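Q: Below: one structure in structure tokens.
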Amino acid sequence: MGDHVYATGPAKARERTRGCSLNASRVKVGIIGLGNICDFHIPALQALADRVDISAVCCRTEEKGQRRAAELEAAYVADYVDTFDNAHALIIATPHNTHFPMVRDALTAGVKHILVEKPAALTVEECDELIELADKEGASVTVGYVLRHAPAIQKMKQLLDEGRYGPAIAALCRTEHGFDPEEFVEFLPSARKIETIGGGVLFSHGCHYVDLLIWLLGDVTGAQCVRNHTLLKEVMEGEDSAIANFTFDSGAVASYFATWAVRYRELAIDLRVYCLEGQIVFQQLEDASTALYTIDKDGRHDLHSELDPAADGPTDGFITVGLFQRQAEAWLDTIQSGKPTSVSLREGKKSIAAIRQAEAS
């Protein structure tokens, strides 16, 4: 029964009613998929218990689903379409190749609020179909580009929008991670096959950072990349390292290096934007410590004091419960206010289009 979560079926979805109405102060959220990423989604929602109730969970492993449902005092459903009538809103946190059919089925069934993990789909054409369907149904779909909610990244965006250091001319981004093959198979089993993950490290992990480059620098006007297959070639079909170059409609250019094949490193993330009057730099070291600073004619300036003091940590790095809580708060604000989401399907499509253009080169 548990395998039904990945057996997509639009016909069954169309037979269902249009979901429960949002008439309570607490939003009922259904969760489809209980993989590693839900170790962040679930506690983030629990921290917002005054606004949200986890009402249903669906997992392809029935034992795990039943256990988590009992812990959360939620309903367990074996087939993902059965979450539609048990929730006001859905989080879809399943392998990449299931995002498109699940979002499509939920929209067709009348679900009005969806947060789908990145990437929203595998192709530009799938994104276009979902955008058209969401517009037709008057629904809101948020893509889980959680890094947009990191205080450091938001500060970088603010500085660029204000033009404090002049116009951006270029950016460099590196994300260095390394898995031994056995660790990779255990931690990221769905990443082994291109048909499941959609590609390699550039598409799966790198889409987060391509999205950030687009958010910071503008829409992509040109893209190319080179890729290779080294440490993980025996356990994954896609590339484990890639370098992609982009041009943007702002006139800026950027280069991004993504790898899952670096065993020994000191930096996990290095994102720096070069402006005419200075640099803005975010770094996360391998020990998870972070830095946010600028470099200008007067030297280096730490920016921690300019971040929101209520944030849990100065920059958050890549992934924390606090970061997911801020994403959840923004999503709930969208649901309860009716305002458009800031990370829409149209926004989510941009990174997919840029990466597919780079790969085609």
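Q: Would you tally the net charge around L159, using a Cβ to Cβ cut-off of less than 13 Å, leaving L159 out, and scoring K and R as +1, D and E as -1?
A: -1
Q: In addition: Using the structure shown, list the pairs from K28/K112; K112/K350; K233/K349; K118/K233 with a Cα-Cα distance above 19 Å, or answer none.
A: K112/K350; K233/K349; K118/K233
Q: Under 15 Å Cα to Cα from K339, which aspartates and glutamates show up? Leave out anything in the same chain fewer than 8 places away.
A: Straight-distance partners of K339: D135, E329.
Q: Pop out the ³J(HN,Hα) list for the range 168-184 in order, Karplus 6.51 cos²θ - 1.76 cosθ + 1.60 with θ = phi - 60°, rounded to Hz; leave Gly and Pro as x.
A: Karplus values, whole Hz, x for Gly and Pro: 6, 10, 6, 8, 10, 9, 10, 10, 10, 9, x, 10, 5, x, 5, 5, 4.
Q: To test your reading of the geometry: what angle, between 0 and 90 degrees and rounded to tens, separates the Cα axis of helix 345-360 from the longest principal axis of the chain?
A: That helix lies at roughly 60 degrees to the long axis.
Q: Any idea how far apart D50 and R265 come out in nm if each label point goes 7 Å out from Cα toward Cβ?
A: Result for the modelled spin labels: 3.9 nm.
Q: Using a 10 Å cut-off on Cβ atoms, rank the peptides 226-239, 342-355 from the highest mean neighbour count down.
A: 342-355, 226-239
Q: Right, next: Say each of K339 and E306 gets a label point 7 Å from the Cα, pointing the same way as Cα to Cβ; how far apart are those two points in nm?
A: Each label point lies 7 Å from its Cα, and together they span 2.3 nm.
Q: Something else now. Whole-Hz ³J(HN,Hα) for each residue in the range 195-211, computed from phi via Karplus 6.51 cos²θ - 1.76 cosθ + 1.60 with θ = phi - 60°, x for glycine and proline: what do you get?
A: In residue order, the calculated couplings are 5, 8, 8, x, x, x, 5, 5, 7, 6, 8, x, 4, 4, 7, 5, 4 Hz.
Q: Can you give the charge dipole size of the range 50-129 about its Cα centre, rounded to the nearest 20 debye, using +1 on the beta carbon of Lys and Arg and -1 on the beta carbon of Asp and Glu?
A: It comes to approximately 200 debye.
Q: With each pseudo-label sitting 7 Å past Cα toward Cβ, what's the E186-T123 distance in nm, one decimal?
A: A separation of 3.7 nm, rounded to one decimal place.
Q: Shifting gears a bit: Name the shape class, rounded, prolate or oblate, that the alpha-carbon gyration tensor gives for the range 207-255, where a ≥ b ≥ c are the square roots of its eigenvalues, rounded holds for a/c under 1.5, and otherwise prolate holds if a/b is larger than b/c and oblate otherwise.
A: Because a/c hits 1.5 or more and a/b exceeds b/c, the range 207-255 counts as prolate.
Q: Work the Kirkwood hydrodynamic radius out for the range 113-218: mean of 1/r over every pair of different alpha-carbon atoms, inverted, in Å.
A: 16.3
Q: Next up: Using Cα centres only, tell me the gap between the range 97-156 and the range 64-82 in whole Å.
A: 23
Q: Residue by residue through the range 150-162, which ³J(HN,Hα) values in whole Hz follow from phi under the Karplus form 6.51 cos²θ - 1.76 cosθ + 1.60 (θ = phi - 60°), with glycine and proline marked x?
A: Each residue's phi maps through the Karplus curve to give 5, x, 5, 5, 5, 5, 4, 4, 4, 4, 5, 5, 6 Hz.
Q: Report the net charge of residues surrounding I352, where surrounding means a beta-carbon distance below 15 angstrom and charges are Lys +1, Arg +1, Asp -1, Glu -1.
A: -4
Q: Further, regarding this structure: Between Y256, Y293, Y145, find the one with the highest GNM mean-square fluctuation for the chain; connect C-alpha pairs within less than 10 Å.
A: Answer for the Gaussian network model of the chain: Y293.
Q: Mind checking the angle between helix 124-137 and the chain's longest principal axis? C-alpha axes, 0 to 90 degrees, to the nearest 10.
A: Rounded to the nearest ten degrees, it is 50.
Q: Turning to a different aspect of this structure: In what sequence, highest mean first, do 325-338, 93-106 appear when ranked by Cβ atoms within 10 angstrom?
A: Peptide ranking by packing, descending: 93-106, 325-338.
Q: Still on this structure, please answer the following. At a Förster distance of 22 Å, what's the computed FRET efficiency of E286 paired with V226, Cβ-Cβ distance as r, to 0.05?
A: 0.30
Q: Please get the size of the charge dipole for the range 143-215, origin at its Cα centre, with Cβ charges of +1 on Lys and Arg and -1 on Asp and Glu, quoted in debye to the nearest 20.
A: Rounded to the nearest 20 debye, it is 380 debye.
Q: If I fit a long axis through the Cα atoms of helix 96-108 and take the longest principal axis of the Cα atoms of the chain, what angle between them do I get, 0 to 90°, rounded to 10?
A: Taking the Cα atoms of the chain, the angle to 96-108 is about 50 degrees.
Q: Still on this structure, I have one more. Which value in Å is the Kirkwood Rh of the chain over different Cα pairs?
A: By the Kirkwood definition, the hydrodynamic radius is 21.0 Å.
Q: Now for a separate question. Where does each of 275-281, 261-267 land if you order them by average Cβ count within 10 Å, highest first?
A: In descending order of packing, they fall as 275-281, 261-267.
Q: If you take every residue apart from T94 with its C-beta less than 11 Å away from the C-beta of T94, what net charge results, scoring Lys and Arg +1 and Asp and Glu -1?
A: Taking every other residue near T94 into account, the sum is 0.
Every number here is computed from the coordinates shown, using simple stated rules; none is lab data. In this text the structure is predicted, and so the values were computed from the model without any measurement. Positions of Cβ are backbone-derived with ideal geometry, glycine not excepted, and every protein chain shown enters the neighbour counts.
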